[in-house]
Amino acid sequence: MSSSPRSPPTDLTRKPSSATDGRTERVGGVKGDGGKKSSAPRGALEPRGVLVLKTPAGTGNAVTGARACGPWIFSNQVLSCSLRDPAEKASQTCGSSQGSAAPSSAPGAGDEPGSSASTTETALVRVQDERGVSYGVAYYNRHALISARFLSEDADELIDHNFFLSRFRTALQSRMSFSRSFSWSMHGHSQRDTVDVCRSEFHGGDKATEVRDMFFRLVNGEGDGLPGLVVDLYGEYACIQSLTRGMDSLMPLATAALRSLLSLGGILVRRDRPDRALEFPHAEGAGDTDRSFAAWRSEPVVAEGVIPSHVVLAENGCAFAVDLRAQPETGWRFDRREFRRQVALLSAGKRVLDLSGHSAACGITCVHLGKADRCVVVDNNEQSAMLALKGMNLNGITSARLEVQQEDVDTWLKNYASRLVSDGDPCYFDVVILDLPNLAWRKSDVPGARASLRQLVETVARVTAPGGYLAITNSSRHYSQGTFLADASVACASAGRDAVLCAEGGAGFDFPVDVRLPRSPELQWTILELSER
C-alpha cells in the first residue's frame with residue numbers, strides 16, 4: 001500500500017464562492033471544505049513500540065522482501081516487540097508469544113461506547129529489521145496469528161484524522177472511476193439516464209419508489225489501505241465493521257474522518273463478524289465453544305446520528321429492506337451484486353428456487369429484473385423472511401410469483417426430493433440458487449465444509465431440472481475454488497447429473513483486494529448447467 005495515497009479529484013469537493021460565505025457545502029453527499037475547519041479530533045496516535053522482524057535463514061543480515069510478501073506480519077516472523085508503558089515511562093520487551101503489552105497511550109483508544117477492544121493488548125508500532133531498517137507503521141496484537149498489520153510504509157506517517165480522511169477520499173475516487181453514477185451528483189440531472197449498479201432506480205407498481213443514491217462498499221480493508229476496516233454506504237447511512245482489535249482502537253478517528261467526508265444521517269459501528277474471534281486469546285483450557293462467548297463480539301453502536309430499524313437499498317433496478325443491525329456483514333452483501341444480476345438474466349420465464357435467501361435478495365432480483373415465472377425462497381431465519389416480505393411490497397411482487405417459506409433448508413430439500421421420487425407431484429426447478437454462508441473461517445474447518453457442500457449439492461441437484469442451472473457461492477478464503485468445483489461436480493454426479501461450468505466471477509469493483517495477500521478473494525461464485533447422465 002502506498003505511503004502517500006493518491007490525491008482526491010478536484011471536483012470531489014467544491015471550494016467556497018462568495019455566495020457561500022465560507023459555509024460548508026454538500027456536493028453529492030460529499031462535504032466540501034467550505035473554508036471552515038472541521039471540529040473533528042485530529043490528534044495523532046503515536047507508535048509506542050518497535051517490532052523487530054526476524055532475519056530469515058540464509059539471507060544474511062537483511063530481511064529481504066519483508067514488505068513484498070504482504071501487508072501482514074505473522075507471529076513466527078516477529079523477533080521481539082518493545083512496548084513503552086506511558087504510565088510508568090518504562091519499556092518492556094515481549095516476544096511474539098510471551099510477555100504482556102502495556103496499556104495504549106493512544107488518545108481515544110478504546111473510548112468509543114461498546115468497544116470490545118482491550119487496549120492493554122494492542123498498540124501502534126514501528127516495524128524494522130535487526131539492522132534498524134524501517135518498514136513502516138503497523139498495529140500490533142500479540143495474541144493473534146497475524147501479529148501486525150501495516151497501516152503505512154512510512155514509519156513517520158501520522159496515524160491521525162487526516163490519515164483516515166485521505167484513505168477515505170482515495171477509496172471514494174476509486175469507486176468513482178468505475179461507476180458513472182457518482183457523476184450524477186456533480187453534473188445535475190442531464191446525465192441521469194443510465195441505471196447503474198451502485199445508484200439505481202426502481203418502480204414497484206402501486207408502491208412505486210425511486211431512489212438515486214449511493215449503495216456500495218467504500219472501504220474494503222487491506223484493498224483500500226485500511227486493514228481490519230469495512231465501510232458500507234446505504235444512501236445517507238454508513239455501517240462500519242471493525243474486524244480486528246487494532247482497528248477497534250482506531251475507530252474514533254475513523255468515524256470522525258467519515259463524518260468529515262460525507263454528509264450522513266447516521267453511522268453504525270459493528271463488531272460481530274465471526275473471524276474477529278481469531279484476534280482474542282483462548283481462556284485457560286477453553287475450546288472453540290468457550291471462545292464463541294469471548295469479548296470479540298459486542299452490540300452495534302450508533303456513533304453518529306440515527307439509524308432506523310431498516311433502510312431501503314436500491315440494486316439492479318430493485319428495492320430491498322435492510323436491517324443494518326442484525327443482518328450478516330453490515331446488513332447487505334454488496335459482493336453478491338453481480339452474482340444476483342447474472343442469475344436473474346437466466347431466469348426469464350423459469351421456475352426459481354432460492355435457498356438461504358438472505359431476505360430473498362436473489363429471488364426478488366430474478367422475479368423483478370429477470371422476469372422469472374415463479375420463485376420459492378426457503379430461509380429458516382424469521383427476520384430474513386420478514387425483510388423478504390418488505391422487499392416484495394417495495395417491488396410490487398405478489399405471493400403468486402414469489403413464495404417465502406420459513407423452514408430449515410436441509411429439511412425442506414429432503415422432503416421436496418422425496419416427494420419428487422414418490423409421486424412426481426412437485427415440479428423440478430429450472431434455476432436453483434445456493435447462496436452459502438462462509439463454511440470455513442479457518443483451515444481446520446475445510447474438511448467439514450467439503451463434506452457439507454457435497455451433501456447439500458447432491459440433494460439440490462436432485463430437484464434441478466435437466467438442462468437447468470445451479471448457481472453457488474463460495475465465501476471462504478480457505479476453501480479453494482478448484483477444490484470447491486471438484487466437490488460440486490462429484491456431488492452432481494452422485495445425483496445423476498453432469499455439470500458444465502457456464503459462468504463464474506467474484507465480488508465487484510468496490511471490493512479491491514491487496515494482491516500480496518496469501519489467500520484468494522473471499523467471494524467466488526459459479527453457475528453450472530446440469531444435464532442427465
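Points worth noting:
- In nm, spacing of pseudo-spin labels at Q405 and Q173 (7 Å Cα→C-beta vector): 5.2
- Of the residues S359, S177, S134, the one with the fewest other Cβ atoms within 10 Å heads the list, and the complete ranking is S177, S134, S359.
- Cross-link pairs K350/K390; K350/K443; K390/K443 - those with Cα-Cα distance over 27 Å: K350/K443; K390/K443
- Counted by neighbouring Cβ atoms within 10 Å, the residues H310, H143 run from fewest to most as H143, H310.
- Each residue in M386, M214 was given a count of other beta-carbon atoms within 10 angstrom of its own, and listing them fewest first yields M386, M214.
- Cα gyration tensor shape of region 359-479, rounded if a/c is under 1.5, else prolate or oblate by comparing a/b with b/c: oblate
All of the numbers you see were taken from the coordinates with simple rules; none came from a lab. For clarity, every value in this text was computed on a predicted model and none was experimentally measured. Cβ sites come from the backbone with ideal geometry, for glycine too, and all protein chains shown count toward neighbours.
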